[in-house]
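Everything on this sheet refers to the single structure shown next.
The values are calculated or read from the model by the stated rules, or taken from the named source; none is laboratory data. Everything numeric here is computed off the predicted structure, so don't read it as measured data. Cβ atoms come from the backbone with ideal geometry, glycine included; neighbour counts cover every protein chain shown.
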Amino acid sequence: MMKTAFLLWVLLLAGLLSSSVVRAQAPCVSQTGTGAAFDVYDAATGQLLPKLLCVGRPVRLRNRSTRPLDPAQIYYRQGPTTICTGFTDTTTTFTPTAAGPLVITQNTQGEAGVSQGVIFSKPYEVLAASAPTFELSVCSPGLVQVTITDTSYPDYFVQVGTGPRVPAMRGAAVSYPVGSGATTVTVSGRNPTAGLCEGVSTKPFTPLPTPIAPVLRRLTRPTEGTVQLEFEALQPEYRYQLQVAEAGAPGGYRPLGPVTAASPLTISAPPLTGCFRLLLQDQCQTPVLSLPSNEICSVQLTGTALNGRNQLSWASAGSGTYTLTRTEGSTSVVLPLPAGATTYSDPNVSCGTTYRYQISLSSGPATSVSNEVGLTALSTTPPARPRLWAGFNLKGQVELRAEVPGLTSGGQLSYQRNGAPLAATPARRLLDSLVTPDPAVPLCYTVEFEDACGNRAPAGAGVCVVQLTAAATNPNGPEIRLTWSALTATGSDAAAPVSYRVLGLAADGAVVSSVEVGASLTYLDLQPDPDRQTIRYRIEARGAGLSEPSFSNVAEVLRPVKLVLPTAFTPNGDGLNDVLELKGRFLDNFRFTIIDRNGQTVFQTTDRARSWDGRINGAAPVPGAYAWQFEALDQQGQRVRQYGSITILR
């Protein structure tokens, strides 16, 4: 009986379990009216979330069943639909990871000790909470500009640093003040139907430096149709606009375009007399910050070559100080300008010579340089009479120097020697090497000039140079006589008296002596330097209208080396004519040798102070005839030889 009752109880329990499983695996729908229920709350704030959840924001599940349940027997699952199987998790918190519909299913196991489970589910919508995108620009100091490009949220907020969080609109560039120490901008996106679904994005920024007004330094016209501007370094945090003054433009200036390149900046096809400036602006709103540079105005120069002068004029919309420069070849000069002048007539020009002109305008820190104008001078006026200087140089050449008053170059000079053509050249200096000085035949030069326009000057000046000769008056004496031709000239001052100076020269041309001789054309040098074998002279002539002294050729007198010996001497100890002494001129480098009748050398010396007493190897002098030989090198390096005999008498 007890066994039968136990079997009936087992069968009843199996039936109950079988019934419970069947109900749990019935068609998967939420079973309402069973007392099962739960709510969803925001895990951070505890706020009840009736229908909307947020991606990435944790939520907490709270059982609201009306039946007493064991929490360990309450299971939850999440999915796109109601789930009836596979419950193993009793965790009551989770974080949505994807946007879209979400169904949370609760499976309760009934009262304690009862195995029946109840399926209860609620549908939710999970909303995305991505970081909103936006653009950030740093404007003028104290402002940043924010443009929200995001489209994920209906509502947006902007916060600069730790400042207030203010509502914002997408797609609009809005400037916000920057509080002290602020270096970040935070943009928040929010869905108002799910207040906790909010995305946040933060960007750092660097506050701008204090703006400095740009400075234009120089304007030039490198080529026709272009202007080049030089300016001080720009601040890259700001934008710049190049403007040109124009009366009808707003504010008096018309924009030419943004400036992003470093100095210098080249502008094509600018106004010829335009005034320019740079305008510093912030990167956001132009009216917020605009700092103009100084103004710099271009200068237009024009010119015309007239008879004997170059006429120049210029125009500029600017004001300041003008400086006019003329360049000839590589030489530049500044031409004097009266205050307020806008024209200039340049009379100091040479016909056929090309001059380049430029004018600059200085105002404050800026200098504007005009275009360059080149003018080739014209004239029908004959040039002034040329002047001529002539004289010998130390190399024996006649140097000619012509001067045309008012003209330093250009034109054609025709040089003549004794009436015959010598050279036709524009050179103001000429050397004539084909001359042999002869005081008996005048050596005269003339010059004529024709400018580049074909105008001939009046007949030119002429100069007859000094020609010098010098010779010893006696082969055995020291005196030297000098004779020279007169210095003469033709020209306005040709009648000016001429005076002469005799110059003694060293071998290198240095002056070692000087004697004034007045108007004389001869001079006798009674005491030439006894230590110099070659005596050199040159005549310095002053006067005859020449602007500087004229010199003659260098005349040389070569005095030969000479040994003077007696024909006999008496080395007998009587104190008269006891030794043979060497006497003569320029005995600087020699060898003297005495040979006996057997051809043996009995005496030799290279010292003129040494004498011979007739002894040979200390023995008494032996009367008789002896041969001698003298060999020397003179101061010119020439070899000299003399031979003779000497007799020893008792």
Practice task
Sort out which residues of the range 579-589 are in contact with a Phe, Trp or Tyr (Cβ under 7 Å, 6 or more places away or on another chain), over 11 Å from LYS562 (Cα atoms) and either modelled with pLDDT under 90 or surrounded by 13 or more Cβ atoms within 10 Å (Cβ to Cβ) (or both), and write them in order of number.
Solution key: LEU580
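Looking at the range 255-262, can you tell me whether even one residue there is more than 19 Å from SER298 (Cα to Cα), loosely packed, with under 13 Cβ neighbours inside 10 Å, aliphatic (A, V, I, L, M) and free of Cβ contacts under 8 Å to residues at least 24 places away in the same chain?
yes
If I filter the range 631-650 down to residues being touching a residue at least 24 places away in the same chain (Cβ under 8 Å) and farther than 27 Å from GLY573 by Cβ, which single residue comes out as surrounded by the most Cβ atoms within 10 Å (Cβ to Cβ)? Steps first, answer last, please.
Step one: filter the range 631-650 for residues touching a residue at least 24 places away in the same chain (Cβ under 8 Å), giving 631-636, 640, 642, 644-650.
When the remaining residues are screened for being farther than 27 Å from GLY573 by Cβ, the result is 631-636, 640, 642.
Working: GLU631: 15, ALA632: 21, LEU633: 14, ASP634: 19, GLN635: 16, GLN636: 11, VAL640: 16, GLN642: 17.
Among them, the one singled out is ALA632.
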Completion exercise
In the set VAL103, VAL118, VAL55, the lone residue that is touching a Pro at 6+ places or on another chain (Cβ under 7 Å), in the same structural domain as SER30 (by TED's automatic domain parsing) and either farther than 22 Å from ASP155 by Cα or surrounded by fewer than 17 Cβ atoms within 10 Å (Cβ to Cβ) (or both) is VAL103
Problem - Check on PRO421, free of Cβ contacts under 8 Å to residues at least 24 places away in the same chain and on the phi < 0 side of the Ramachandran plot - result: yes
Handout entry: Criterion violated by GLU135 - all others in (1) over 21 Å from CYS54 (Cβ atoms); (2) surrounded by 15 or more Cβ atoms within 10 Å (Cβ to Cβ) satisfied
Key = (2)
Exercise for the section: Please indicate, with yes or no, whether at least one residue in the range 211-219 is without any contact (Cβ under 8 Å) to a residue 24 or more places away in the chain, outside any strand (DSSP E or B), surrounded by fewer than 20 Cβ atoms within 10 Å (Cβ to Cβ) and within 31 Å of the chain's Cα centre (by Cα). Expected result: no
Completion exercise
Conditions (1) out of contact with any Asp or Glu (no Cβ under 8 Å at 6 or more places or on another chain); (2) crowded, with 20+ Cβ neighbours inside 10 Å -> LEU482 fails only (1)
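This table checks each residue for (1) in contact with a Pro (Cβ under 9 Å, 6 or more places away or on another chain); (2) among the basic types (Lys, Arg); (3) exposed (fewer than 15 other Cβ atoms within 10 Å of the Cβ).
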{"position": "ILE535", "(1), (2), (3)": "yes, no, no"}
{"position": "GLY599", "(1), (2), (3)": "no, no, yes"}
{"position": "GLN604", "(1), (2), (3)": "no, no, yes"}
{"position": "ARG608", "(1), (2), (3)": "no, yes, no"}
Fill in the blank from the handout: Restricting the range 342-392 to residues that are more than 34 Å from the chain's Cα centre (by Cα) and among the aliphatic types (A, V, I, L, M), the one nearest to SER298 (Cα to Cα) turns out to be ALA377
Problem - Hey, ASN455 loosely packed, with under 14 Cβ neighbours inside 10 Å, out of contact with any Lys or Arg (no Cβ under 7 Å at 6 or more places or on another chain) and polar (S, T, N, Q) or not - result: no
Fill in the blank from the handout: The residue from GLY86, GLY79 that alone is modelled with pLDDT of 90 or more, more than 21 Å from THR186 (Cβ to Cβ) and of a type in the set (Gly, Ala, Ser) is GLY79
Exercise for the section: For the range 188-207, indicate whether the set of residues that are within 22 Å of SER316 (Cβ to Cβ), touching a Gly at 6+ places or on another chain (Cβ under 8 Å) and not β-branched (Val, Ile, Thr) is non-empty. Expected result: no
Exercise for the section: State which residue is surrounded by the fewest Cβ atoms within 10 Å (Cβ to Cβ) when the search covers only the range 70-97 and only residues that are among the charged types (D, E, K, R) and either in contact with a Lys or Arg (Cβ under 8 Å, 6 or more places away or on another chain) or closer than 18 Å to THR32 by Cα (or both). Expected result: ASP89
Exercise for the section: Within the range 486-540, count every residue that is farther than 15 Å from VAL465 by Cβ and of a type in the set (A, V, I, L, M, F, W, C). Expected result: 16
Problem - Answer from LEU229, LEU312, LEU280, LEU272 - the residue that is surrounded by fewer than 20 Cβ atoms within 10 Å (Cβ to Cβ) and either over 30 Å from GLY406 (Cβ atoms) or hydrophobic (A, V, I, L, M, F, W, C) (or both) - result: LEU272
Practice task
Please find, within the range 198-249, the residue that is modelled with the lowest pLDDT out of those that are of a type in the set (D, E, K, R) and under 25 Å from PHE134 (Cα atoms).
Solution key: GLU237
Fill in the blank from the handout: Cβ pairs under 7 Å, 6+ apart or interchain, first in the range 348-361 and outside the structural domain of GLN311 (by TED's automatic domain parsing), second of a type in the set (Val, Ile, Thr), ordered by first then second residue, are none
Exercise for the section: Being under 12 Å from GLN416 (Cα atoms) and assigned to a loop (DSSP other than H, G, I, E, B) is the filter here, so list the residues in the range 427-451 that pass it. Expected result: LEU443
Handout entry: Single residue of the range 372-387 satisfying the filter (buried (at least 19 other Cβ atoms within 10 Å of the Cβ) and modelled with pLDDT under 95) that is farthest from ALA341 (Cα to Cα)
Key = ARG387
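Condition check: basic (Lys, Arg) and modelled with pLDDT under 90. Does ARG641 satisfy that?
no
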Practice task
Please verify whether the range 532-544 includes one or more residues that are in contact with a Lys or Arg (Cβ under 7 Å, 6 or more places away or on another chain), of a type in the set (Ser, Thr, Tyr), part of a strand (DSSP E or B) and at pLDDT 95 or above.
Solution key: no
Practice task
Could you grab the pairs with beta carbons closer than 7 Å, sequence gap of 6+ or different chains, first residue in the range 293-320 and at positive phi, second one among the aliphatic types (A, V, I, L, M)?
Solution key: GLY320/LEU361
Handout entry: Selection status of VAL185, out of contact with any Cys (no Cβ under 6 Å at 6 or more places or on another chain) and over 30 Å from SER360 (Cβ atoms)
Key = yes
Exercise for the section: Taking only the range 563-578 into account, find how many residues are in contact (Cβ under 8 Å) with a residue 40 or more places away in the chain and either among the hydrophobic types (A, V, I, L, M, F, W, C) or not assigned by TED's automatic domain parsing to the domain that holds GLN638 (or both). Expected result: 4
